[in-house]
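*Asks:* Starting off with a structure, shown below.
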Amino acid sequence: MSRAFVKHIGKGVGKGGDLTFVQISDSHMGFNKPANPDVVATLQAAVDKINGLSNPPEFLLHTGDISHLSRPEQFDTVDQLLKGASAKDVFFVPGEHDVLDDNGKAYLERYGKNAKGSGWYSFDKKGVHFIGLVNVLNLKSGGLGSLGGEQLEWMEKNVKHLKSSTPIVVFAHIPLWSIYPEWGWGTEDSAQAQPYLKKFGSVTVLNGHIHHKGPLQTEKIDARKSSLERKQRWRGKIGGLQVWRRR
Amino acid sequence: MARKNRWIAGLATTVMATTLLLFGESLRVAANDQPPAANAEVKIDNFSFGPQTITVPVGATVTWNNRDDIPHNVVSTDGAFKSKVRDTDEKFSYTFDKAGTYSYYCSIHPKMTGKVVVQ
């Protein structure tokens, strides 16, 4: 489950030089069924890989399903294991497994101190603007992931003042684009966010949620063409580690 | 004579068997006319509710049994009932005291939907 991807944003993209960070996801701490009987070992392996990188990341993004059942001891274990990583800052967004039964209250108390609403926020690193979104709450029968009006409104204001040359990284747990809506792999109101991001030359969209082995895709919103084009950016697999570079 | 008797006995057996069969069939038809069993179970497996639609009489208790390796819950779309999250092999029961059609889903995986028809 725990996946880790290295992102390296090269010179000339953001202000302040190169930026390298690692995305990890879907630790599902507490899971013990045959699909992965030892999730502690898997996360530890991911941490070991992070620590072995020749180009150490400045921080980690965790794209949700930190825990399997939203239990405090499961969050504790992940926090403890991640303390062993060379990068000390970890930015989280919740997965649906992190907000079970309490509508995300315990998650927010633990990880959302600087967040708005149900846990969304933004931060800047070396001229790159990161936006963490929550799309795992208030899901409707038969529906997909959902951002909701309040979060979309916040996002619009959040990026309005930014120059179009600012590289943007948007991350959420459930895919923000429709990978396979029949299985709920999509976010029903994410299309509303696309106009906010169209002006930017570089938009990277990251997600967790999917554990299957095989290629994953992300999208780039290309301002020059003013159209959404789908480009394969990286390939990953469970517990895998891949270097992704943007020049 | 003995041969004829055997033939009659054989015929009688066949008639009896046929009668039993017919009788059995009518019993089975009669059973179908009865209201369904008061309690019913819905299995949760591989991200789906089975059977997806279940019909029960008023007063029946429906038990959902999570046989998946992933936690799920059972949430009625109109707010009539909502289970806590059920992990593998955990159950949730609800007794339906009023007739009607109750649509429900798993609020963690909202593509999972089901229906209880109470009549």
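The values are calculated or read from the model by the stated rules, or taken from the named source; none is laboratory data. Being a predicted model, the structure only gives us computed values, none of them experimental. Because the Cβ atoms are built from the backbone with ideal geometry, glycine has one as well, and the counts that use them run over all protein chains shown. Side chains included, ligands, DNA and RNA excluded: accessible areas come from the protein's heavy atoms. Shrake-Rupley method; radii C 1.70, N 1.55, O 1.52, S 1.80 Å.
*Asks:* Using 1/(1 + (r/R0)^6) with R0 = 30 angstrom and r between the beta carbons of B:Lys82 and B:Asp45, what's the FRET efficiency to the nearest 0.05?
*Replies:* Details: r = 21 Å, r/R0 = 0.69.
E(calc), rounded to 0.05, equals 0.90.
*Asks:* Can I ask one more? If you plug each phi of segment B:91-107 into the Karplus form 6.51 cos²θ - 1.76 cosθ + 1.60 with θ = phi - 60°, what whole-Hz ³J(HN,Hα) values come out, in order, with x for Gly and Pro?
*Replies:* 10, 9, 10, 9, 9, 9, 8, 10, 5, x, 10, 10, 8, 9, 7, 9, 6
*Asks:* B:Val42's amide H: which non-local residues (gap 5+, or another chain) put their own amide H closer than 5 Å, with H modeled 1.01 Å from N in plane and none for Pro or chain starts?
*Replies:* Result for B:Val42 returns B:Thr63, B:Trp64, B:Asn65.
*Asks:* Restricting to Cα pairs below 8 Å that are 6+ residues apart, what does the relative contact order work out to for segment A:73-129? Please round to a whole percent.
*Replies:* 19
*Asks:* Only Lys, Arg, Asp and Glu count, each charged at its Cβ (+1, +1, -1, -1), so figure out the dipole size of segment B:46-119 about its Cα centre, rounded to 20 debye.
*Replies:* 160
*Asks:* Answer with one residue from A:Gly52, A:Val40, A:His68: the one whose Cα lies farthest towards the positive end of the charge dipole of segment A:7-119, charges on Cβ with Lys, Arg +1 and Asp, Glu -1.
*Replies:* A:Gly52
*Asks:* At 1.4 Å probe size, with no ligands or nucleic acids counted, give the accessible surface of B:Val117 in Å², nearest ten.
*Replies:* For B:Val117, solvent-accessible area is about 30 Å².
*Asks:* Here's another thing I want to ask about it. Going toward the positive end of the dipole of segment A:87-186, with +1 on Lys and Arg Cβ and -1 on Asp and Glu Cβ, which of A:Gln151, A:Val128, A:Val93 do you reach last?
*Replies:* Towards the positive end, the residue furthest out is A:Val128.
*Asks:* Determine the distance separating the Cα centre of segment A:104-152 from the Cα centre of segment A:40-73; give it in Å without decimals.
*Replies:* Distance between centres, Cα-based: 19 Å.
*Asks:* In whole Hz, what ³J(HN,Hα) sequence does segment A:84-96 give by Karplus (6.51, -1.76, 1.60; θ = phi - 60°), x for Gly and Pro?
*Replies:* x, 7, 5, 8, 8, 7, 10, 10, 10, 10, x, x, 4
*Asks:* While we're here: Residue-wise, which Karplus ³J(HN,Hα) couplings in Hz belong to segment A:103-109, taking 6.51 cos²θ - 1.76 cosθ + 1.60, θ = phi - 60°, and x for glycine or proline?
*Replies:* After applying 6.51 cos²θ - 1.76 cosθ + 1.60, I find 6, x, 4, 5, 4, 5, 4 Hz.
*Asks:* Then there is this: Quick query: amide H of A:His62 versus all other amide H atoms, modeled in the peptide plane; which residues come in under 5 Å with a sequence gap of 5 or more or a different chain?
*Replies:* Sorted by chain and number, the residues that satisfy this are A:Ile24, A:Phe91, A:Phe92, A:Val93.
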